[in-house]
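Chemist: For reference, the structure I am asking about is given below.
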């Protein structure tokens, strides 16, 4: 549990924030609405850099969510794990990186794709991004 201060904080101007403490929150409750189906992984590589996922980012992945077109997902493709945008229509499915150095992966009939879950939160050293494309 950490304290939450319900004030607006202008950049560059000191504020006596301790006078405005209103409550304490649990980061688990704030960022993990489905704790029994949520887990964390660490990302390597730079294929999702333009989706604010740098190498070393930690990702909260929720297995209880149904993956939708445009979601960032943790997928297993032919036994290899990857994090990509999921694109699908009634005819095909593909995994899309967020870095122009990499190509989209079109899923062919002989390939095995298993979506392990939807990325709901990205945690880096400098920021936390929630609601990843949801």
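The values are calculated or read from the model by the stated rules, or taken from the named source; none is laboratory data. Just so we're clear, the structure is a prediction, and the values are computed from it rather than from any experiment. Cβ sites come from the backbone with ideal geometry, for glycine too, and all protein chains shown count toward neighbours.
Chemist: Restricting attention to segment 44-64, which residues are in contact (Cβ under 8 Å) with a residue 60 or more places away in the chain and farther than 15 Å from residue 101 by Cβ?
Modeler: Of everything in segment 44-64, those that are in contact (Cβ under 8 Å) with a residue 60 or more places away in the chain and farther than 15 Å from residue 101 by Cβ turn out to be 52, 56, 57, 58, 59, 60.
Chemist: Across segment 41-52, what is the total count of residues that are modelled with pLDDT of 95 or more and assigned to a loop (DSSP other than H, G, I, E, B)?
Modeler: The number of residues fulfilling the criteria is 3.
Chemist: Suppose we filter 63, 92, 24, 6 for residues that are at pLDDT 90 or above, in contact with a strand residue (DSSP E or B) (Cβ under 7 Å, 6 or more places away or on another chain) and loosely packed, with under 13 Cβ neighbours inside 10 Å; which single one remains?
Modeler: The conditions single out 92.
Chemist: Please go through segment 76-101 and pick out each residue that is over 14 Å from residue 44 (Cα atoms), without any contact (Cβ under 8 Å) to a residue 40 or more places away in the chain and in a strand (DSSP E or B).
Modeler: 77, 86, 87, 88, 93, 94, 95, 96
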